[in-house]
Amino acid sequence: MKKLASVTFAILLMNSALACDVCGCAVSSANGDVIPGIFSNYIGLGSSLRSFSSTHLTLFDNEIPRKSSEYFSVVHLHGRYSPTRRVQIYGNLPVSMVQKTENNETRSSSGLSDASLRVNYLVIDKKKDSSESFLNLFLGSTLKAPTGRNEFTANEEFYFNRNMLPGSGTFDVGLHIDLIYRKKSFGTAFYGTSILRGQVKDDYDFGNFYHSRLSAFHFVKFKKSSLMIDAGMDFSMYEQDENLRSNSFEEYTGGWMLSPSLRVNYNTEKLIFSATAQRPVAQELAQGQMANNYSVQLNIIYLFNSKK
């Protein structure tokens with residue numbers, strides 16, 4: 001059961017920065033899920049769905065604002081290889097789709113998104129068998145490559161913003177910190193990340209993205225499996241994008257969001273199933289023109305070759 005308890009952390013801090021959809025990032029440009037606190041190689045398949053509502057700007061005061069709804073979905077293949085206990089190498093390859101409904105017309109755009117590679121280093125690795133507790137601190141960095149389409153096709157530019165395309169066309173760098181403390185079946189975790197986003201030369205400058213999550217979790221153990229319930233609070237902040245051609249900031253970008261989340265993980269010896277739900281309690285996105293309604297995430301992971 002100790003192994004199962006350790007395995008649970010495979011998705012404790014699974015934070016998909018996809019929360020930045022619509023508000024300053026390409027659909028999955030910042031998708032750098034981190035899986036700390038476990039020393040197994042793995043391969044996984046995840047998916048997410050996020051719902052937004054928008055109120056569009058008008059030219060005149062007496063105009064009735066146009067409204068639309070947007071759904072962002074991502075399916076991503078991800079995995080991790082740990083050559084040593086201290087080092088973790090994580091890869092992520094997403095495919096994304098955005099669907100926008102306005103005036104009873106639905107438009108969609110999809111494609112391969114930007115791939116990312118992350119390296120974690122285990123800075124603190126403390127364990128006390130006498131009290132059944134441990135403390136792990138990871139520092140990491142991510143490099144996102146522009147593998148996804150970042151140009152409009154057909155008449156997409158009439159329906160979508162630049163940050164809704166599958167890719168950004170930029171190299172982005174992420175800096176991360178992950179801290180986990182557990183004693184017996186209870187614990188707490190903190191996750192923080194900064195995504196420093198690049199710019200398309202003389203064209204478009206994507207705003208940086210910041211995210212943190214603080215949570216508490218509890219294990220319920222069975223004979224050959226375990227269940228973990230994790231409740232936390234997420235805070236995300238997005239800088240506005242800048243259109244370099246017109247030397248102006250993009251109106252439908254930027255803002256912040258505070259979202260409680262509930263995560264449930266079911267673990268067997270080789271498989272982990274995870275479901276997460278979020279709903280903001282406070283937000284100010286795109287100067288109040290956009291609102292995140294909810295987001296849900298599902299994930300399955302296959303574990304192999306544990307690092308002791």
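The values are calculated or read from the model by the stated rules, or taken from the named source; none is laboratory data. None of the values given here were measured: they were computed from a predicted structure. Note that each Cβ is placed from the backbone with ideal geometry, even for glycine, and that neighbours are counted across all protein chains shown.
Looking at PHE152, PHE222, PHE171, PHE160, which is the one that is farther than 22 Å from SER48 by Cβ, at pLDDT below 90 and among the aromatic types (Phe, Trp, Tyr)? First the steps, then the outcome.
Details: PHE222 fails: at pLDDT below 90; PHE171 fails: at pLDDT below 90; PHE160 fails: farther than 22 Å from SER48 by Cβ.
The unique qualifying residue is PHE152.
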Task: Residue that is surrounded by the most Cβ atoms within 10 Å (Cβ to Cβ), among those in the stretch 287-308 that are modelled with pLDDT under 90 and closer than 21 Å to ASN161 by Cβ - done: MET290
Open item on the list: Please go through (1) within 27 Å of GLU132 (Cβ to Cβ); (2) in contact (Cβ under 8 Å) with a residue 12 or more places away in the chain for GLN240 and return the number of the only condition it doesn't satisfy.
Closed with: (1)
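Quick one: which residue in GLY255, GLY167 is buried (at least 19 other Cβ atoms within 10 Å of the Cβ) and either on the phi > 0 side of the Ramachandran plot or free of Cβ contacts under 8 Å to residues at least 60 places away in the same chain (or both)?
Details: GLY167 fails: either on the phi > 0 side of the Ramachandran plot or free of Cβ contacts under 8 Å to residues at least 60 places away in the same chain (or both).
From the options GLY255, GLY167, the qualifying one is GLY255.
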Open item on the list: Go through the stretch 98-120 and report how many residues are within 17 Å of the chain's Cα centre (by Cα), touching a residue at least 60 places away in the same chain (Cβ under 8 Å), assigned to a strand (DSSP E or B) and within 30 Å of ASN161 (Cβ to Cβ).
Closed with: 3
TODO: Among the residues of the stretch 271-286, count how many are of a type outside the set (Val, Ile, Thr) and either out of contact with any strand residue (DSSP E or B) (no Cβ under 7 Å at 6 or more places or on another chain) or surrounded by fewer than 19 Cβ atoms within 10 Å (Cβ to Cβ) (or both).
DONE: 8
TODO: Would you confirm whether any residue within the stretch 279-301 is among the aromatic types (Phe, Trp, Tyr) and under 15 Å from the mean Cα position of the chain (by Cα)?
DONE: yes
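What about ILE89, is it outside any strand (DSSP E or B) and aliphatic (A, V, I, L, M)? Write out each step before concluding.
Numbers: outside any strand (DSSP E or B): no; aliphatic (A, V, I, L, M): yes.
No.
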Open item on the list: So the check is Cβ under 6 Å with 6+ separation or different chains; which pairs have a first residue in the stretch 121-139 that's more than 14 Å from ARG85 (Cβ to Cβ) and outside any strand (DSSP E or B) and a second one that's modelled with pLDDT under 90 and of a type outside the set (Gly, Ala, Ser)?
Closed with: GLU132/LYS184
- [ ] Report the residue count in the stretch 239-276 for those that are within 21 Å of the chain's Cα centre (by Cα) and of a type outside the set (A, V, I, L, M, F, W, C).
- [x] 15
Task: Failed condition for ALA154, given (1) at positive phi; (2) in a strand (DSSP E or B); (3) not β-branched (Val, Ile, Thr) - done: (2)
Task: Among the residues listed as LEU143, LEU137, the single one being over 24 Å from LYS201 (Cα atoms), among the aliphatic types (A, V, I, L, M), in contact with a Leu (Cβ under 6 Å, 6 or more places away or on another chain) and surrounded by fewer than 20 Cβ atoms within 10 Å (Cβ to Cβ) - done: LEU137
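Can you work out which of the residues in the stretch 163-213 that are in a loop (DSSP other than H, G, I, E, B) and touching a Leu at 6+ places or on another chain (Cβ under 9 Å) is nearest to SER116 (Cα to Cα)?
This residue is PHE171.
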Task: Residue satisfying all of: in the stretch 236-252; under 11 Å from ALA286 (Cα atoms) and among the charged types (D, E, K, R); surrounded by the fewest Cβ atoms within 10 Å (Cβ to Cβ) among these - done: GLU251
- [ ] Just give me the residues in the stretch 68-85 being farther than 26 Å from GLN297 by Cβ and either touching a residue at least 40 places away in the same chain (Cβ under 8 Å) or of a type in the set (Lys, Arg) (or both), in sequence order.
- [x] THR84, ARG85
Open item on the list: For the list (1) out of contact with any Asp or Glu (no Cβ under 6 Å at 6 or more places or on another chain); (2) farther than 29 Å from GLU284 by Cβ, I need the number of the one condition that THR147 fails.
Closed with: (1)
